[in-house]
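A short worksheet on the structure shown next.
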Amino acid sequence: MKRVSFGDKVFTIFCYFFCVLLFIVTLYPFIYTVSGSFSGNIALTRGDVWLFPVDPTLEAYKAVFNDESIWTAYGNTIWYVVVGTAIGLVLTILTAYPLSRRTFAARKPISLILAFTMFFSGGTIPLYLLVQQLGLLDTRWSIVLPGAVSVWNVILMRTFFQSLPEELIEAATIDGCSEFRILLQIVLPLSMSIIAVIILYIAVAQWNGFFSALIYLRDPTKYPLQLKLREVLIQYDTRNMENNPGAAFLDQQKQIGISVRHATIIVSILPIICVYPFLQKYFVKGVMVGAIKG
Amino acid sequence: MENQLAVTNVPFSVRFMRAWRRDKLLWLLITPGLLFVLVFAYFPMYGLVIAFQNFSPYKGIGGSTWVGFAHFQDFFQSSDFWRLIKNTVLISLYTLIFGFPIPILLAIVLNEINTKWFKRVVQTVSYLPYFISVVVVCGMIKDFLNPSTGVINHFIELLGGEPIYFLTRPEYFKPIYVISQIWQTMGWNSIIYLAAVAGIDQGLYEAATIDGASRIKMIWHITLPSILPTVSIMLIMNMGSILSVGYEKIILLYNDATLSSADVISTYVYRRGLVQAEYSFGAAVGLFQNVINFTLVVAANYIVRHLTESSLW
């Protein structure tokens, strides 16, 4: 048994203390929000809620479940996530595979064309005008198409493809396998972990995104959840810049209860919280694959 | 190797045809993705020419009048210019100064934890905020800081203080932005350092233990020097993006009262260019920002390459 010095003991205690502190700081806002969503509005206003629900009630959740616009937004977000992820994944695979093939003559120039877009972009306004010109404004496609190919994801996937044993692909080529079959029957079955990573990245980005919806969508029935959340969580009071005076007056009339805001937050992050612990290792894997190049 | 030598003796046209025949299917596969990039990334770059015009959507790029650098001049001479630069740089700098060391500290501390389950729980929890949307984070901020119902002001009152109108006071905006940013990203940003720490040769620690070194000595003399390359790369990359403060959180949190300390270049582009539909002026400001960003990132990448002999790409 090693002898542990006093200094080392103090240091170890400090490390545990630091971790516990971090744990509390990270988790407290969530715990408070959960408790707030189950508490009565009066208790919340008085400041009685610190850790556990006070005057427990389900009123806030009833209000959320009865608000049809939240469910419309929920449905829209699911559409954006499913369609956006499907398009994004297919395009990412199709773009990454040729770039991973060392024999592909145009590999270098195309890589350069893609990488340049990570350093320089046209910016918000030209992209907005393009979306307008293409007739995508205020359509669901404006949410899923412009960002469908993320160059970062392409690089992640290409890096992974390149790490597969070259001999496999060479052998298949010699056997007269077409590139299409190599991709489908050899490369993809070996790449399930990176595919999971990419699916998660795209899906979470779609679930959490609000800016493209904010600038491209006018029709509230197409709003994704995050834009609806913005209405409930951010614009409920009159001081926000984006509010026009008329809407502000309306908002004051139907003051949204504090507990309802908490409940809305919980309802919107519940899917992520539920799947997150199981998927976390895939996210981390993505960072690692990226780190090889970064 | 021999193959490549042989190829160079063959005429270009023959080589080209060979490559084409071999790569045909690969070209087919890459075309859709390439098309998307050309349309949604390169076409907007061409669209930047409206920064030098008085663009009108009815006349289009071809029909709008050219004004040269007029919009840039307007921007540089406007009273907003220095305020925007100052806010953008300060928010970046504060985030860097306070936010950069914490993930490194976290990675080092986590490495000292020997209780496996405890370590895993702390890691899992610390990554969680990264996956919460910016709208929800801002909603929580607004709730917590609410002057009459927020938990923070209840706490201040409990201590005998007066409630503070955090979100309408300009001096509080940057701290709120930076603290919430750190809360959201510290765990996630520690992953890369954890990987670097995990890659350190354990033999070094064993040797140090035999020599009777304390844990803190080992961190100072082994851990820190070993992860220094990663740290410096991350630092330089962060410096490269110093002028690109994201607009999303600021758009959600700022208001007329805090504009003086909250407005950054990207939010200004959004407000002038899109909300007020001054397309050309907005595009000009955006172009100014992108050119500086580009220069900084390329410079950062150049420095990193010389430090590590390995470029980003």
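All of the numbers you see were taken from the coordinates with simple rules; none came from a lab. Bear in mind the structure is a predicted one, so any value in this text is a computation, not a measurement. When we count neighbours, we look across all protein chains shown, and the Cβ atoms used for this are built from the backbone with ideal geometry, even at glycine.
Here, P(r) means the percent of Cα pairs in each 5 Å bin from 0 to the largest distance; for the stretch B:245-313 it is 4, 15, 18, 17, 14, 10, 9, 7, 4, 1. Taking all Cα-Cα distances within the stretch B:263-303, those exceeding 16 Å account for 40%. Between the stretch A:21-65 and the stretch B:39-90, the C-alpha centres lie 46 angstrom from each other. Projection of the Cα convex hull of chain A, averaged over all directions and equal to a quarter of that hull's surface, yields 24.2 nm². Candidate cross-link partners of A:Lys108 among the lysines, defined by an alpha-carbon separation under 27 Å and a same-chain spacing of 8 or more, comprise A:Lys285, A:Lys293, B:Lys24.
Using helices alone, I'd like the mean residue ellipticity at 222 nm for chain B: each DSSP H run of four-plus residues gives -39500 (n - 2.57), total over residue count, nearest 500.
-21500 deg cm²/dmol, from helical runs alone.
Normalising by residue count, the stretch A:6-57 has a Cα convex hull of 74 Å³ per residue.
Translational diffusion of the stretch A:95-154 was estimated from the Stokes-Einstein equation, with Rh taken as the Kirkwood radius over Cα pairs; at 37 °C and 0.692 mPa s the coefficient is 246 µm²/s. Based on the Kirkwood approach, the hydrodynamic radius assigned to the stretch B:75-308 is 20.4 Å, with every pair of different Cα atoms included.
Here the Gaussian network model covers chain B, with springs between Cα atoms less than 10 Å apart; of B:Leu128, B:Leu34, B:Leu106, B:Leu34 fluctuates the most.
For the residues B:Arg215, B:Arg21, B:Arg272, a GNM of chain B with alpha-carbon springs under 10 Å puts the largest fluctuation on B:Arg21.
What whole-number value in cubic angstrom gives the convex hull volume per residue for the C-alpha atoms of the stretch B:129-257? With only Cα atoms used, the stretch B:129-257 gives 156 Å³ per residue.
Set against the 2.2 N^0.38 Å expectation for a compact globular protein, the protein assembly as shown has a Cα radius of gyration ratio of 1.06.
Do the alpha carbons of any pairs in A:Lys222/A:Lys281; B:Lys86/B:Lys249; A:Lys62/A:Lys281; B:Lys142/B:Lys174; B:Lys116/B:Lys217 sit beyond 26 Å of each other, and which pairs? Violating the 26 Å limit, Cα to Cα: A:Lys222/A:Lys281; A:Lys62/A:Lys281. Starting from one equal scatterer on each C-alpha and no solvent at all, send me the Debye-based log10 I(q)/I(0) for the stretch B:2-66 at q = 0.22, 0.24, 0.25, 0.29 Å⁻¹, two decimals. Reported log10 I(q)/I(0), two decimals: -0.91, -0.98, -1.01, -1.11. In the protein assembly as shown, taking the dipole from charged Cβ atoms about the Cα centre, the farthest positive-side position among B:Gly68, A:Ser35, A:Phe119 is held by A:Phe119. In the stretch B:164-225, the convex hull through the Cα atoms has an average projected area of 6.3 nm², a quarter of its surface area.
Pairs of Cα atoms nearer than 8 Å and 6+ residues apart set the relative contact order; for chain B it is 24 percent.
Across peptide B:247-253, the mean count of Cβ atoms from other chains lying within 10 Å of each residue's own Cβ comes to 4. Within the listed set B:Glu278, B:Glu157, B:Glu171, the Gaussian network model of chain B (springs between alpha-carbon atoms below 10 Å) gives the highest mean-square fluctuation for B:Glu157.
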